[in-house]
Amino acid sequence: MAKGYWIAHGRVDDVEKYDLYRAANAAPLAEFGGKFLVRGGAREVREGEAKPRTVVIEFPSYQAARDCYDSPGYQAALKMRQGISESDLVIAEGWDG
């Protein structure tokens, strides 16, 4: 079964409030088996444009990645992030080749 991924490029406008979002999203991410592969850090944009922060979270399956995003726990955390950051998020199915 192919893994699932959240791939996000974001910008944080209020670091203190964003830390509350990060604390709130920990439980739903753990519940659905989410594991951070990339969480900020050094990077280079080689083509196109991207917001200043990159995050990649791996899930045991594409369905788990979708279910986590749609879960009540993550949706509550997401409301905390709105207005203090901006993000482009893609949920992608991994290649199982």
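The values are calculated or read from the model by the stated rules, or taken from the named source; none is laboratory data. Nothing here was measured: the structure is a model prediction, and the numbers come from that model. Here Cβ is always computed from backbone atoms with ideal geometry, including for glycine, and neighbour counts include all displayed protein chains. Just so you know, the surface numbers come from the protein's heavy atoms only, side chains and all, with ligands and any DNA or RNA stripped out. Shrake-Rupley method; radii C 1.70, N 1.55, O 1.52, S 1.80 Å.
Assorted remarks:
- Lys, Arg +1 and Asp, Glu -1 on Cβ, resulting dipole of the chain about Cα centre, debye, nearest 20: 180
- Per residue, the accessible area of segment 1-85 comes to 62 Å² when a 1.4 Å probe rolls over the protein heavy atoms.
- Projected label distance in nm at Glu47 and Gln82, using a 7 Å step from Cα toward the beta-carbon: 3.4
- Pairwise label distance in nanometres, Lys17 with Trp95, each label 7 Å out on the Cα-Cβ vector: 4.0
- Estimated FRET transfer efficiency (Leu37, Ser71; beta-carbon r; R0 22 Å; 0.05): 0.60
- With the helix formula -39500 (n - 2.57) applied to DSSP H stretches of n ≥ 4, the chain reaches a computed 222 nm mean residue ellipticity of -11500 deg cm²/dmol.
- Only Cα pairs under 8 Å and 6+ residues apart enter the sum, and on that basis the relative contact order of the chain stands at 52 percent.
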